[in-house]
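Contents: one structure, followed by commentary.
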Amino acid sequence: MFAIFSLLAAASTLRSQPAVDVFQLLDGSTLHGALEAIDPAKGIRWKHPASAAPIEFLPRNAHQIRFAQVAPPPAQAGTHHTCRFRFINGDELTGNLLALDATHIELETWFAGKLRAPRVGVQSLAFLARGFATIYDGPDGTTGWATGPTPTAWSFRDGVLTGGANAFMGRDLKLPPQSRVEFEVGAANSLNLYLSLYTDATERFNFASSGYQFNLGLGYVNLMRGQGQFGMQHLGQAQIPVPLPGRKLRVEIRADLLAGALTLLVDGNVVQQWNDPNVAKPAEPAIDPNLPPTVADAVRDAARARGPVLPGTGLSFFMLNGGIQLSGIKVSAWDGRPIEPELVATNFTGHLVRLANQDRALGDVRAIRDGRLTLASAAGSLEIPLTRVTQVILAPIAPPATNRPAGETHARLSSGETVALTQPRWDGRQLAGVSPHFGPLQLDTRWVRMLRFNPGREPAELDLPFLGSGLQQFFER
């Protein structure tokens, strides 16, 4: 009995510790502390509170480093992004396309300015109709969130929020009419999670609030539409996988209130699309019939300029039972375009161009410059305005590379982008390395959320007992 109480006290102590960086090795070991340096010759130097001097590790034994504190992109840095770039090695960036010709691509990023790369490494370009904007990327604890009447129901450690019974957190994110919500969820016992989207209740959970309520349970999800004083409308149910102990579900919701459509994806697969007849529209102002027509038109134009009326602009999570874990929460603007596979196997010689009207064109993309795409097709040379293009696929889908460069490290930024580097160096201020696409590259370490070593290799799982949700985090360390 004494041993059990000792374990409980240790678990409680862990919950109260401030957020620290986490270093995970391929053998399953986990160390807390801080990264001091990475050097190609000396390896990884890690400061651990139980060690008088930094500990050096060989990169070939490392899995990943997750940083507790990370800065968002500079203000206004990502508000005008118009393109998402994917490379054949898995790198993914957002920014602006400057030019593309038969041999090279030029792009502008928020973290490294203008970059130039060989075109052969580019897999696809996706054009964002209204620009890409990350609204929230975390969690970094519950800071900025309202936690309702039971704020102590949450614990945060190593990038994971664990909620007890009746744990709630809500936030007015000023959601636009078209948005994309992503998160990972796991359950030590049973899953019973409510996610309220476009809610007007961000201070505490309210079954009668306006907006959309997704109730995720063991093997199912229900979607309700809150109508305030008019009650709830059931929009439908769908089946989802059952999360196994120690495993998480990757959940994504794409909402387009302008079209009245909400789509649920789990582990990258479309589960269900629901259609809501209550499409968001601009408010209809009361027009005095005695107003001159020009004034009445100006009143209507002003109402349309304010945009559609939404049920709310907030997001909240509420769990009835304890032991539910949330991580990898990301909320971003979405352009509302139909969901299609990001990549298709076109062929090894042709390129695929997807258009806004859902037409497709096959051929050879010769250049993209000055707002136009030049395509050599069977029907001849075509000049297509970029405003009509949604995606360009330059390379067929391929399995992950098994012969990655020695010492390759993947950096995940606070904006969700990923960059591969060889010969990485970390001095606390800059992460420097060599990109296979851009050559020498330097990143501000404040923007790095995670470093992944030895991509393609997964860490071993520790064979430890599981004694329930209350002690789960203790035994995971």
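The values are calculated or read from the model by the stated rules, or taken from the named source; none is laboratory data. Quick caveat: nothing in here was measured; it's all calculated off a predicted structure. Please note: Cβ atoms are built from the backbone with ideal geometry, for glycine as well, and neighbour counts cover all protein chains shown.
Of note:
Conditions (1) surrounded by fewer than 13 Cβ atoms within 10 Å (Cβ to Cβ); (2) modelled with pLDDT of 90 or more; (3) not assigned by TED's automatic domain parsing to the domain that holds R157, marked per residue:
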| residue | (1), (2), (3) |
| --- | --- |
| Q423 | no, yes, yes |
| W426 | no, yes, yes |
| G433 | no, yes, yes |
| T445 | no, yes, yes |
| P455 | no, no, yes |
| F466 | yes, no, yes |
| L471 | no, no, yes |
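- Screening K330 with (1) in contact with a strand residue (DSSP E or B) (Cβ under 8 Å, 6 or more places away or on another chain); (2) more than 30 Å from R247 (Cα to Cα); (3) modelled with pLDDT of 70 or more; (4) charged (D, E, K, R) gives one miss only, at (2).
- Taking the criterion of being touching a His at 6+ places or on another chain (Cβ under 9 Å) and surrounded by fewer than 18 Cβ atoms within 10 Å (Cβ to Cβ), the residues of region 80-107 that qualify are G90, N96.
- Only residues that are in contact with a helix residue (DSSP H, G or I) (Cβ under 7 Å, 6 or more places away or on another chain) and not in a strand (DSSP E or B) were counted across region 419-435, and they come to 2.
- Of the residues screened, G407 is one that is on the phi > 0 side of the Ramachandran plot and surrounded by 14 or more Cβ atoms within 10 Å (Cβ to Cβ).
- Identity of the residue in region 160-200, in a strand (DSSP E or B) and polar (S, T, N, Q), that ends up surrounded by the fewest Cβ atoms within 10 Å (Cβ to Cβ): Q178
- A367 at pLDDT 90 or above and outside any loop (DSSP other than H, G, I, E, B): yes
- Residue match in region 106-119 (condition: aromatic (F, W, Y), touching a residue at least 12 places away in the same chain (Cβ under 8 Å) and out of contact with any Cys (no Cβ under 9 Å at 6 or more places or on another chain)): yes
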